[in-house]
Amino acid sequence: MADVLSQSEVESLLSALDPGAPPIETSRRTERNSQITIYDFKRPERVSKEQMRALQALHDGFSREFGAGLSGMLRTICEVKLISVDQLTYSEFVFSVENPTCFNLIESSGLDGHFILDLNPSIVFPIVDRLLGGGKESAGQSFPHRPLTEIEVRLTSRVTDIALRALENAWHNICDLGLSVAQVESNPQLVQIVPPNEVVVLVSFEITMGDIRGILNLCLPFNTIETQASKLTSDSWVSYKRRPLDERQRLNLESGMARATVELSVQLASTSLTTADAMNLEVGDIILTEQDVARGAQILVAGRPVFTGFPGVLKGQKAIRVARQLEPPKQAIARKFDVDAATLAGSTATE
C-alpha cells in the first residue's frame, strides 16, 4: 500500500517544482500581517470618522467665508482652502509648528476651554506688508525670521478678527462660541492649554495671495469640544439646520395649548408680620396692609399676575370681577429685551 503524504511534504514538493515562488507558510504569514493595524495606546482615536467628516464639512464653509473677508480687507484675491483634518496629540502639534510664529490663544465663552489659531510667518509678513502699502514688488522678497513686533501684532489682529467671526458663523448651528483672543505668543512651546498627550483636532488651511502661500492651523482640543461632540454626526448635523415654520404645526400647537387647564388664584393683598405677631393672632383680629383698595386684587394665572379685579359676591358665592389686564407676556418679554439692549449699549458706550 502506498504511503500517504503529509501536508508539509505536499507543500515541499510544490515549492520544489517552482523555485521562484515564496514558501506557502511565508505567504500566509505575510497575508496575516497585512490585516494587522498598529494601535498606539498613548494616542487613542477619540474622534470618530463621522465626527471628523462633520468637522471637515463645517470648516469647509469657514474657509470660504474667511477667504471672502480676507479678500475684502486686503483688496486683492485671497483663496483659503481646507487641506486636512487630523487628530494627534498636543505635543505633536506644538513641535510641528514653526518657531517663531503667530500663535493666538483663543478663548471661548460658549465652551469650557481654549482654541489655538496659528498663522504661519510665510503668510503673516506678506499680509502686514500689504496692509502697510506694499504691492506686487514684495512677492519675491524674503521675510525676516523673527517674532512680530507690537505694531505687526496689531495689524495681524485684523486678520484674526475676521477668522474668529467666520469661525463663529460656521459653528452657529452647533453652539455659540463667543470667541476672543486671550494671548498672542511667538513661541508655541510657551502655551500649554492641555496636557502634552491630550488628543486635539488639527484643521489646516492653505492661504493663497497671488504667488504667496502660507498655512493657517486651527487646533481644537477634544476635551474642549467634547460637550458638543454628540452634535457632530450626520443625523444631528442635518437636524440642526433651520427649517421654515409650518403654519399647520403652529395652529395645532395653539389649539392644544388653548385646551390646557391652568390654576386661577386671587391675591387680595400682601404684608409682612413678625413671628410673635403671627403667633398671637386670634379670631376677629384685623391685619393692616399697605395696599390701596382702589388698586384692586391681583388675579394670578399659573402663578403669574395677569389681571387686576375687585372681589364680591355673585348668586351667594364669592367672585372676582376682572377690571383690567396687566402687561401681556409678549410685551413684557419685548420690554425686557429692550431694557437689556439699552443697558448693554450704555455700558459699551461707557467703555
### Task
Return the total of residues in segment 275-313 being closer than 17 Å to LEU264 by Cα and either basic (Lys, Arg) or not in a loop (DSSP other than H, G, I, E, B) (or both).
14
### Summary
Within segment 168-211, the count of residues that are farther than 22 Å from GLU150 by Cα, more than 23 Å from the chain's Cα centre (by Cα), at pLDDT below 85 and surrounded by 14 or more Cβ atoms within 10 Å (Cβ to Cβ) comes to 1
### Query
For segment 133-144, does any single residue satisfy the condition of being in contact with a strand residue (DSSP E or B) (Cβ under 9 Å, 6 or more places away or on another chain), assigned to a loop (DSSP other than H, G, I, E, B) and of a type outside the set (A, V, I, L, M, F, W, C)?
no
### Query
On the given criteria, is PRO100 in the same structural domain as ASN187 (by TED's automatic domain parsing) and assigned to a helix (DSSP H, G or I)?
no
### Task
Would you mind stating whether GLY67 is assigned by TED's automatic domain parsing to the domain that holds PHE115 and surrounded by fewer than 14 Cβ atoms within 10 Å (Cβ to Cβ)?
no
### Qualifying positions in segment 191-216 - outside any strand (DSSP E or B) and among the hydrophobic types (A, V, I, L, M, F, W, C)
VAL191, ILE193, VAL194
### Message
Can you say whether GLU98 is over 30 Å from SER230 (Cα atoms) and among the acidic types (Asp, Glu), as far as the supplied structure shows?
### Response
yes
### Message
For segment 64-92, give me the residue count where each residue is outside any strand (DSSP E or B) and under 21 Å from the mean Cα position of the chain (by Cα).
### Response
6
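The values are calculated or read from the model by the stated rules, or taken from the named source; none is laboratory data. Quick caveat, the model's predicted, so the values are computed rather than measured. Glycine gets a Cβ as well: all are built from the backbone with ideal geometry, and neighbour counts include every protein chain shown.
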